[in-house]
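Step one of this worksheet: look at the structure below.
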Amino acid sequence: MICETVVVTDRPIVLVGFMATGKSKIGRLLAERLGLPFVDSDAEIEATLGKSIVRIFAEDGEAEFRRVERIVITRLLEGVPQLIAIGGGAFIDDRTREALKARATTIWLDPPFAIIASRLKRSHERPLASGKIDEELLALWQERRPFYAEAHIRIETTEEEPGVDVDRILAALRQN
Ligand code: S3P
């Protein structure tokens, strides 16, 4: 494994952005390059409650999901710095966003909407996307963008090799 010793961080690095922006995929690769542990907040929430995101939304509702999400993310921000990929709605919650901005380096992954829409068509695990037509997803994407824009760094990602996006992120981190 190659560790990017030029990027030294004493803070967690958190990937934020809309659903299907590649936060987990890019996050894993980036964590490897940085020699940091990788963690996905959705997987942590599922482990904490012992059920899938789909079931949490269906049985407990979105407000309960957001409450647990906030607790889980706050816990992930404590302890050793790690690379954290968070769910697409986490940064929209005011308290979660403020905690993330204060305690982590936040990176917004921002691919064009067309890429997101085509990926979401193939996804069945996202309660807030399933059954929505492109116009509804576009409206949600536009509504959320001002919140994502509060992240420390914005990276316009592409559908090229994810390694290209990782290189761009590393370059931005070196300048940060
Ligand atoms: C959500 C995004 C999902 C997951 C949940 C809610 C959202 O994560 O946290 O379905 O509100 O945008 P991904 O961004 O990994 O799809």
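Rule-based calculations on the coordinates, nothing more; no lab input. Just so you know, these numbers come straight off a predicted model, no measurement behind them. Neighbour counts run over all protein chains shown; Cβ positions are idealised from the backbone, glycine included.
If you place +1 on the Cβ of every Lys and Arg, -1 on the Cβ of every Asp and Glu, and leave all else neutral, what size is the dipole of region 1-94 about its Cα centre, to the nearest 20 Debye?
About 220 debye.
Pairs of alpha-carbon atoms within less than 8 angstrom and 6+ residues apart define the contacts here; what relative contact order does region 16-117 have, in percent?
45 percent.
Helix 62-77 versus the longest principal axis of the chain: what is the Cα-based angle in degrees, 0 to 90, to the nearest 10?
Its long axis makes an angle of about 10 degrees.
Which residue, L49, V39, L29, has the largest displacement toward the positive end of the dipole of region 1-72 when charges sit on each Cβ (Lys, Arg +1; Asp, Glu -1)?
L29
How far apart, in nm, are two points set 7 Å out from the Cα along the Cα-to-Cβ line at S123 and at D94?
2.7
Which trypsin sites (Lys or Arg not before Pro) from region 8-98 combine a DSSP loop assignment with at most 14 other Cβ atoms within 10 Å?
Numbers: sites: K23, K25, R28, R33, K51, R55, R66, R67, R70, R75, R95, R97; in loops: K51.
Listed in order of number, the matching sites are K51.
Lysine pairs in the chain with alpha-carbon atoms under 18 Å apart, 8 or more places apart or on different chains: how many are there?
Working: K23/K101; K23/K121; K25/K121; K121/K132.
Lysine pairs, 8 or more places apart or on different chains, close enough: 4.
So how tilted is helix 94-103 from the main axis of the chain? Cα-based, degrees 0 to 90, rounded to 10.
On a 0 to 90 degree scale, this one is about 10.
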